[in-house]
C-alpha cells in the first residue's frame, strides 16, 4: 500500500465501523499516513451492501467510481462495490468461494505475492 500511495494514487478506508475504530486501526497499523481519507458509519445513512459508503469515498477524492478499485473481504462489500460501479478484488476464503452476484470481479487468497499494478478498473 505504501508504494501505491507513493505513486500518487489516493487510498481511502471504507468501513462499517465507527470513526474511533477507523482512526484507531489506521494508527495501530501505522498506516495513517497512507490513507488519505476514510468513510465510516458516521459518514453515511446506508451501510454496505448499499453503495453509499464507496460512493462517498469516490466523492471525497472527486473521482469517478469507474476509476476506483475496491479491496474487500465480505459479500456485502463485493455487492456494494459492484452497485457503486467500481471494480472489486475480493480477499480471502469468502471471496474465493463466492459465486454469482455474491462474487467479486477478482478473488485472491491474500496479498502475499499480489501485484497491485496488474489491477486496473475496466
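The values are calculated or read from the model by the stated rules, or taken from the named source; none is laboratory data. Predicted model, so just to flag it, every value in this text is computed and none were measured. For neighbour counting, all protein chains shown are included, and Cβ atoms are generated from backbone atoms with ideal geometry for every residue, glycine included.
A single entry from 38, 66, 87 fulfils the requirement of being without any contact (Cβ under 8 Å) to a residue 60 or more places away in the chain, in contact with a helix residue (DSSP H, G or I) (Cβ under 8 Å, 6 or more places away or on another chain) and more than 21 Å from residue 108 (Cβ to Cβ): 38. Considering region 97-122, and only residues there that are more than 11 Å from residue 73 (Cα to Cα) and within 15 Å of the chain's Cα centre (by Cα), the residue that is modelled with the lowest pLDDT turns out to be 121. Given the criteria in a helix (DSSP H, G or I), in contact (Cβ under 8 Å) with a residue 24 or more places away in the chain, crowded, with 17+ Cβ neighbours inside 10 Å and within 13 Å of the chain's Cα centre (by Cα), does residue 12 qualify? Answer is no for this residue.
With respect to residue 112, is the statement that it is without any contact (Cβ under 8 Å) to a residue 60 or more places away in the chain, part of a strand (DSSP E or B) and closer than 22 Å to residue 1 by Cα true? Taking the combined requirement at face value, the residue does not satisfy it.
Please work out if residue 102 is surrounded by fewer than 19 Cβ atoms within 10 Å (Cβ to Cβ) and closer than 26 Å to residue 41 by Cβ.
In short, yes.
Filtering region 76-93 to residues that are outside any strand (DSSP E or B) and crowded, with 19+ Cβ neighbours inside 10 Å leaves 77, 78, 79, 80, 81, 82, 84, 86.
Taken over region 27-48, the criterion of being surrounded by 14 or more Cβ atoms within 10 Å (Cβ to Cβ) and either part of a loop (DSSP other than H, G, I, E, B) or over 14 Å from the mean Cα position of the chain (by Cα) (or both) is satisfied by 31, 32, 34, 40, 41, 43, 44, 47, 48. Restricting attention to region 49-73, the residues being within 11 Å of the chain's Cα centre (by Cα), buried (at least 19 other Cβ atoms within 10 Å of the Cβ) and part of a loop (DSSP other than H, G, I, E, B) number 1. Would you say residue 23 is touching a residue at least 12 places away in the same chain (Cβ under 8 Å), in contact with a helix residue (DSSP H, G or I) (Cβ under 8 Å, 6 or more places away or on another chain) and part of a helix (DSSP H, G or I)? In short, no.
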